[in-house]
1. Cut-off 10 angstrom, C-alpha nodes, Gaussian network model of chain B. Which of B:Ser71, B:Ser41, B:Ser61 fluctuates the most?
2. Between B:Asn30 and B:Thr83, what is 0.36 nm times their sequence separation minus the Cα-Cα distance? Round to one decimal in nm.
3. Check cross-link reach from A:Lys9 to the lysines: straight Cα distance under 23 Å, and skip same-chain residues fewer than eight apart.
4. Any idea how far apart B:Phe63 and B:Lys3 come out in nm if each label point goes 7 Å out from Cα toward Cβ?
5. Once you have a ≥ b ≥ c as the square roots of the Cα gyration tensor eigenvalues for the range B:47-111, tell me rounded if a/c is under 1.5, and otherwise prolate or oblate according to whether a/b is larger than b/c.
6. Net charge within 10 Å of A:Gly51 by Cβ-Cβ distance, Lys/Arg positive one each and Asp/Glu negative one each, not counting A:Gly51 itself?
7. Have a look at B:Gly50, B:Ala60, B:Tyr13 and report the one farthest towards the positive end of the charge dipole of chain B, computed about the Cα centre with Cβ charges (Lys/Arg +1, Asp/Glu -1).
8. How about the range A:16-73: which trypsin sites (Lys or Arg not before Pro) there lie in a loop by DSSP and see at most 13 other Cβ atoms within 10 Å?
Amino acid sequence: NAGVTQTPKFRVLKTGQSMTLLCAQDMNHEYMYWYRQDPGMGLRLIHYSVGEGTTAKGEVPDGYNVSRLKKQNFLLGLESAAPSQTSVYFCASSYREFEQYFGPGTRLTVT
Amino acid sequence: LAKTTQPISMDSYEGQEVNITCSHNNIATNDYITWYQQFPSQGPRFIIQGYKTKVTNEVASLFIPADRKSSTLSLPRVSLSDTAVYYCLVGAGTNAGKSTFGDGTTLTVKP
C-alpha cells in the first residue's frame with residue numbers, strides 16, 4: 001500500500017499562473033481533505049470531500065477549487081496563484097470520522 | 001469552528017511522563033477528539049482518538065472528562081524521538097468543515 005501520495009513534491013509558480021495538485025489514496029477511504037500549513041502554524045482546512053463527486057469548503061477556501069471525480073483522487077487547483085498562497089499543502093484521507101492519513105506534502109512557492 | 005487551545009511549547013526530559021492538555025469548549029455532540037504528531041517536513045501522524053473517558057493504545061493515553069470540553073494526551077516515558085509538534089483535532093469526518101488543527105504544542109525532550 002502506498003497510502004496517500006501527492007504530486008508534485010515541490011513547485012515554484014509566478015503570480016497569476018495556475019496549477020493543479022494531485023492527491024491519490026489506495027485505502028478506499030470515503031473522506032479526503034486538503035490543508036495548507038504556513039511556517040510555524042497549524043494546518044488549516046481548505047476543502048474536503050465526503051465521497052466521490054462531492055466537495056465542501058473548509059476554513060480557508062478562497063482562491064482554491066477542488067474536484068473529486070474518482071474516489072481515490074482529490075485534486076486541488078489554484079486558478080491564479082498569489083504570493084499569499086506560498087505554503088506547504090497536505091492531503092489526507094480517512095474512513096469517516098476516524099484517523100486521517102496524511103501525504104508527504106507539496107511545497108509551493110509563488111513569486 | 002471547533003477551535004482548540006493548547007500550550008505553545010513544553011519541555012521534558014527523557015523517561016518522564018508528559019501530559020498535554022487541549023481545550024475545546026465548543027465541541028459538538030458527535031465530535032471525536034484526535035491527536036496527531038508532526039515532525040519537521042512531514043505530514044501529521046495519528047496518535048490516538050477518543051470520544052469520552054479514557055482511551056489507551058501502545059503509545060499514549062487520552063483522558064476526556066465528562067463535559068468533553070478538554071482532553072489530555074499522556075505520553076509515558078518520553079524519549080528524544082518524541083520531540084515534535086502535537087496537535088489535537090476536534091471533529092473531522094462529516095464535521096470536517098467545522099474543525100481546525102490549531103497551532104499545536106511543540107514538545108522538546110531533553111537528555
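1. Most flexible of the set in this elastic network: B:Ser41.
2. Taking B:Asn30 through B:Thr83 to full extension adds about 15.9 nm, to one decimal.
3. Correct list for A:Lys9: A:Lys70, A:Lys71.
4. If labels sit at B:Phe63 and B:Lys3, their model points lie 2.6 nm apart.
5. Oblate shape, in that a/c is at least 1.5 and b/c is the bigger or equal ratio.
6. Every neighbour counted, the sum reads 0.
7. B:Gly50
8. Those that pass, being in a loop and sparsely packed, are A:Lys70.
Throughout, read-outs are computed from the coordinates displayed, never taken from laboratory work. Predicted model only: the values in this text are computed from it and were never measured. Glycine gets a Cβ as well: all are built from the backbone with ideal geometry, and neighbour counts include every protein chain shown.
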